[in-house]
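For reference, the structure is listed below as structure tokens.
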Amino acid sequence: MEQYDVIVIGAGPGGYVAAIRAAQLGKKVAIIEKRKTLGGTCLNVGCIPSKALLDSSEEYDKAKHKLGDHGITIASVKIDIKKMMERKDKVVGEVTSGVDYLMKKNKITRYLGLGKFVSKTEIQITGDDGKTENISGTNIIIATGSTPIEIPPLPVDGKNVITSDHAIGLDSVPEHLIIVGAGVIGLELGSVWGRLGAKVTIVELLPRLFGSADAAIAGLSQRILEKQGMNFLFETKVHGAKVKGKKVEVEIEDKEGKKTILEGDKVLVSIGRRPNTDGLGAKEIGIEFTERGRVKVKPNHFQTNIPNIYAIGDVIDGPMLAHKAEDEGIAVAELISGQFGHVNYRAIPSIVYTWPEVAWVGLGEEELKAQGIEYKVGKSIFKANARAKAMNEPDGQVKVLADKKTDKLLGVYIVGPRASDMIAEAAIAFEFGASAEDIARSTHAHPTLSEILREAAMDADAKWSIHS
């Protein structure tokens with residue numbers, strides 16, 4: 001039986017990064033993945049294909065509605081869904097093959113199949129052909145990711161009632177796309193198909209977007225999306241769906257108890273994801289789980305109740321984010337190697353890739369009030385920024401929250417173009433324990449969108465914002 005220092009089960013962003021870092025630190029490493037291509041949900045059917053489609057749909061929307069303001073006239077704008085999907089698949093192929101190259105570069109042994117615990121140190125790998133092979137590891141990392149949640153009232157058939165896995169591969173634009181769940185995935189895929197011509201209705205049980213994130217920023221994002229044509233039904237339950245020919249009838253109930261029927265041709269079930277631990281054999285060898293069904297680990301150490309077995313990413317508590325999993329992958333490999341790996345969860349940004357984008361790090365006003373923290377607020381709008389004007393992108397705002405006494409950053413929220421890139425500055429500031437004044441006193445190149453963050457920091461520091 002082949003023996004390894006580290007075995008990683010799952011080759012998503014957390015798993016493959018953990019494998020690479022462990023190999024860099026001199027460990028003999030094996031990685032087990034049931035997909036033929038590496039990269040997990042994120043690279044194969046999640047982050048990467050959805051962003052490819054978002055970019056394609058943004059270009060279409062720009063050509064159809066925005067280029068005229070720049071003096072560029074296009075007589076006829078058409079959609080070629082097949083070519084759009086081919087481009088998306090090409091992007092996915094290039095990214096996943098890149099991970100395969102990294103495995104070879106770092107001399108990591110790759111196993112294709114489903115990994116299952118036989119004992120605390122032994123893993124059985126079952127291939128597509130049913131053949132099995134066992135390997136042994138001194139340390140084992142569970143990085144099996146997550147899978148879309150399905151609910152009995154909405155049985156997924158992959159044709160009319162679909163998950164995000166299907167929504168990234170549709171061969172035509174739906175006439176009416178009903179999305180159950182106003183989370184990140186629903187909003188992003190709703191944006192894709194809405195820009196391409198679909199009527200989009202989003203049904204959400206909660207009263208607003210983005211859960212506990214800053215309510216004012218969530219409200220601003222909602223108003224912009226509504227202006228783009230999205231229809232939101234908040235505080236609304238879904239009781240079931242019936243397929244009738246090429247249509248789906250969805251029974252909903254609002255907060256007053258009134259029941260109605262929504263008719264669409266596609267229903268996207270997007271109510272969240274659950275840890276992917278089925279068939280892993282973890283419970284059978286005694287690994288403990290939380291009440292929510294996630295693997296229980298020691299805080300900031302990623303160690304389960306079995307000392308040589310670790311878990312990272314979507315299978316443990318915390319936000320289900322690829323970059324969170326990556327940081328945990330680096331940290332756990334360093335901890336196994338006797339170093340001091342650490343993840344600062346306060347500095348992990350969240351991003352919604354609608355247009356304009358939404359990004360934040362830290363706490364929102366409601367969370368600060370609930371914790372009894374006194375704070376001050378600074379704001380700046382994209383409409384007042386020269387670069388945003390030149391881009392013809394006036395929608396959006398930056399909001400900076402800082403401690404009222406110490407000026408230390410507590411939260412940064414951005415709605416606007418390229419918010420996903422801008423938030424990195426705030427995340428670094430959080431990592432170094434910066435104050436609002438630290439950002440306000442740092443030179444930002446002109447003209448850039450990043451100046452809006454500086455202006456908001458100026459406003460939070462002592463109300464000395466120059467341009468807004």
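The values are calculated or read from the model by the stated rules, or taken from the named source; none is laboratory data. Quantities reported herein were computed from a predicted structural model and do not represent experimental measurements. Here the Cβ positions follow ideal geometry from the backbone for every residue, glycine too, while neighbour counts run over all protein chains shown. Only protein heavy atoms, including side chains, enter the accessible area calculation; ligands, DNA and RNA are left aside. Shrake-Rupley method; radii C 1.70, N 1.55, O 1.52, S 1.80 Å.
Within the range 1-79, the trypsin sites (Lys or Arg not before Pro) that combine a DSSP coil assignment with at most 10 other C-beta atoms in a 10 angstrom radius are K36, K78.
Just round it to a whole percent: the fraction of Cα-Cα distances in the chain exceeding 28 Å.
57 percent
May I ask for the longest run of the chain untouched by chymotrypsin sites (Phe, Trp or Tyr not before Pro) that are loop-located per DSSP and have at most 14 neighbouring C-beta atoms (other than their own) within 10 Å? Write down the numbers at each step before the final one.
Numbers: sites that count: F340, F432, W464.
Result, exposed sites excluded: 1-339.
Of the residues S270, V297, N308, the one whose Cα sits farthest towards the positive end of the charge dipole of the range 268-333 is S270 (charges of +1 on Lys and Arg Cβ, -1 on Asp and Glu Cβ, taken about the Cα centre).
Which percent of the accessible area of the range 162-209 is formed by carbon and sulfur heavy atoms (probe 1.4 angstrom)?
Looking at the range 162-209 in its full context, I get 57 percent from C and S.
Heavy-atom surface analysis with a 1.4 Å probe gives the range 1-103 a carbon and sulfur content of 51 percent of its accessible area. Normalised by the number of residues in the chain, the mean separation of alpha-carbon contacts (under 8 Å, six or more apart) gives a relative contact order of 15 percent.
Could you tell me the relative contact order of the range 260-382? Use alpha-carbon pairs under 8 Å, at least six residues apart, and round to a whole percent. Intermediate results must be reported in sequence, preceding the final value.
On the way: 109 pairs, mean separation 15.4, N = 123.
For the range 260-382, the relative contact order is 13 percent.
Distance between the modelled labels on R110 and E122, one decimal in nanometres: 2.8 nm (7 Å Cα→Cβ projection). Under the classification rounded if a/c is under 1.5, otherwise prolate if a/b is larger than b/c and oblate if not, where does the range 143-276 fall, given a ≥ b ≥ c as square roots of the Cα gyration tensor eigenvalues? Rounded is the answer for the range 143-276, as its axis ratio a/c remains below 1.5. Loop-resident GluC sites (Glu not before Pro) (DSSP state other than H, G, I, E or B) in the range 374-436 with no more than 15 further Cβ atoms inside 10 Å of their Cβ: E374. Listed by chain and number, the lysines whose alpha-carbon sits under 26 Å from that of K463, ignoring those within fewer than 8 places in the same chain, are K369, K376, K379, K383, K389, K399, K404, K405, K408. Applying both filters, DSSP loop and at most 14 other Cβ atoms within 10 Å, to the trypsin sites (Lys or Arg not before Pro) of the range 408-468 gives R441, K463.
Taking label points 7 Å from Cα along the Cα-to-Cβ direction, Q339 and N300 give a separation of 1.8 nm. The range 429-468 and the range 194-248 have Cα centres separated by 33 Å. Share of carbon and sulfur in the accessible area of the range 345-443 stands at 50%, probe radius 1.4 Å.
For the chain, the solvent-accessible area works out to 46 Å² per residue, with a probe of 1.4 Å and every protein chain left in place. DSSP bridge analysis restricted to the chain gives an antiparallel fraction near 60%, rounded to the nearest 5.
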